[in-house]
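Trainee: Take this structure first; my questions come after.
The values are calculated or read from the model by the stated rules, or taken from the named source; none is laboratory data. This is a predicted model, so every value here is computed, not measured. Here Cβ is always computed from backbone atoms with ideal geometry, including for glycine, and neighbour counts include all displayed protein chains.
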């Protein structure tokens, strides 16, 4: 069924168009919305686009990284200052999907997709959104918890502090098909170290709940401790706490629960 | 509902069509321009047989809103041969038995062309990565990988 396509030069106008029409969806790279249209999703009657160049801006020179919502994964892979994000960006789709898919769209990608968002959750990202009543910034955890209600807001950018070292940020995607495939589970950890102790541990899991979630029990096991064998064992044993994975063609919920601790152990141990 | 005028370059030739809102580029190419080389597979971005180059970059035409290619260059498999002469990739696919049922072939060739255009001497791992978004259920991929390596400039592809 034909839809109305509205393209705006300003994000304000695009946000107003989105918030005033419940059947409007924002089109970024197309990998989610065009798929829905191809499948005959009649809940979408208007497609909104914004050509504002701020949506595709990358600012990675300072301590805080800002990624416009329209930045593609291919562009992240081309950015030397974003080397710590190359593993999550490369784990998404094939080359064509990485040329199209955007960091903003990934926030809305359902299981078994949305791997980049798992990395963003571990990095405690802030999501800048523009609604009908103005702009605001939302912590990514709160954003994900209310994701179903965010369709009427326009995501402008995602920002986060750059990890202090390459060791501080770790990422691992478990997929049956390599190098490309939907996730069985996805793990990301940000482990800032003060002296030899971890301070401010964040562990994020994908495909272990309807949206990416934090593994809070594992974080507690890591917090204030050195990353030694006993700490890793404790974190791995706690990884499954608070998760609610589902069954799909890639893996059962039981299997996901069984392996999440195994892969968190490998992630923390630095194993391939 | 009104149709939207759309102009772009299709294999080096200027084309002008009218599209319904929400039309994807694959439908525009096949049904409005008559270029049947990009195929409809999954419509979800999972199979890669609709792959085309937009301004030299590999894209999935089934997930591309047609209106977004206005003023841009779209290259499909139909445009890579030179008159009656096959493109070196097409010749290598034939020589290496890289096409069986042939349904994935247009996407495989475009993904391979996107790779060789920027990296004329890819390694085997780079070829595997380049075609990782394209599904083939016949060949087991090995003949396709071998064909891309054979087509790489001077056949001097790295191991």
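Trainee: Is one or more of the residues making up region B:88-98 in a loop (DSSP other than H, G, I, E, B), surrounded by fewer than 21 Cβ atoms within 10 Å (Cβ to Cβ), in the same structural domain as residue B:136 (by TED's automatic domain parsing) and modelled with pLDDT of 95 or more? Working first, answer last.
Mentor: Taking region B:88-98 and keeping what is in a loop (DSSP other than H, G, I, E, B), we get B:96-98.
Next cut, surrounded by fewer than 21 Cβ atoms within 10 Å (Cβ to Cβ) only: B:96-97.
Checking the rest, the ones that are also in the same structural domain as residue B:136 (by TED's automatic domain parsing) come to B:96-97.
Checking the rest, the ones that are also modelled with pLDDT of 95 or more come to B:96-97.
Yes.
Trainee: Then there is this: Restricting to region B:49-62, and then to whatever is within 17 Å of residue A:36 (Cα to Cα) and at the interface with chain A (Cβ under 7 Å from one of its Cβ atoms), can you tell me which residue is nearest to the chain's Cα centre (by Cα)?
Mentor: The qualifying residue nearest to the chain's Cα centre (by Cα) is B:60.
Trainee: Before we move on, is residue B:125 crowded, with 22+ Cβ neighbours inside 10 Å and not assigned by TED's automatic domain parsing to the domain that holds residue B:42?
Mentor: Working: crowded, with 22+ Cβ neighbours inside 10 Å: no; not assigned by TED's automatic domain parsing to the domain that holds residue B:42: yes.
Answer is no for this residue.
Conditions tested, residue by residue: (1) assigned to a loop (DSSP other than H, G, I, E, B); (2) farther than 29 Å from residue A:112 by Cβ; (3) over 25 Å from the mean Cα position of the chain (by Cα); (4) free of Cβ contacts under 8 Å to residues at least 24 places away in the same chain.
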site: A:7; (1), (2), (3), (4): no, yes, yes, no
site: A:21; (1), (2), (3), (4): yes, yes, yes, no
site: A:25; (1), (2), (3), (4): no, no, no, no
site: A:28; (1), (2), (3), (4): yes, no, no, no
site: A:34; (1), (2), (3), (4): no, no, no, yes
site: A:37; (1), (2), (3), (4): no, no, no, no
site: A:40; (1), (2), (3), (4): yes, no, yes, no
site: A:44; (1), (2), (3), (4): yes, no, no, no
site: A:48; (1), (2), (3), (4): no, no, no, no
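Trainee: While we're on this one: I need the full set of residues from region A:93-103 which are within 11 Å of the chain's Cα centre (by Cα) and surrounded by fewer than 24 Cβ atoms within 10 Å (Cβ to Cβ), in order please. Steps first, please.
Mentor: Residues of region A:93-103 within 11 Å of the chain's Cα centre (by Cα): A:102-103.
Listed by number, the list is empty, since nothing qualifies.
Trainee: Another question about this same structure. What is the residue count in region B:10-48 for residues that are touching a helix residue (DSSP H, G or I) at 6+ places or on another chain (Cβ under 6 Å), assigned to a strand (DSSP E or B) and within 14 Å of chain A (Cβ to nearest Cβ)?
Mentor: Of the residues in that region, 2 qualify.
Trainee: For region B:107-154, how many residues meet the condition of being touching a helix residue (DSSP H, G or I) at 6+ places or on another chain (Cβ under 9 Å), assigned to a helix (DSSP H, G or I) and within 12 Å of another protein chain (Cβ to nearest Cβ)?
Mentor: Qualifying residue count for the region: 13.
Trainee: Further question on the same structure: If I filter region B:30-40 for residues that are free of Cβ contacts under 8 Å to residues at least 24 places away in the same chain and within 26 Å of residue A:92 (Cβ to Cβ), do I get at least one hit?
Mentor: Among the residues of region B:30-40, at least one is free of Cβ contacts under 8 Å to residues at least 24 places away in the same chain and within 26 Å of residue A:92 (Cβ to Cβ), which makes the answer yes.
Trainee: For region A:232-256, give me each residue that is in a helix (DSSP H, G or I) and in contact (Cβ under 8 Å) with a residue 24 or more places away in the chain. Before you say what the answer is, go through the steps one by one.
Mentor: Pass one, region A:232-256, residues in a helix (DSSP H, G or I): A:232-238, A:253-256.
A:232, A:233, A:235, A:236, A:237, A:255, A:256, listed by residue number.
Trainee: Quick one: residue A:122 ticks every box in (1) in contact with a helix residue (DSSP H, G or I) (Cβ under 8 Å, 6 or more places away or on another chain); (2) crowded, with 24+ Cβ neighbours inside 10 Å bar one, so which box is it?
Mentor: (1)
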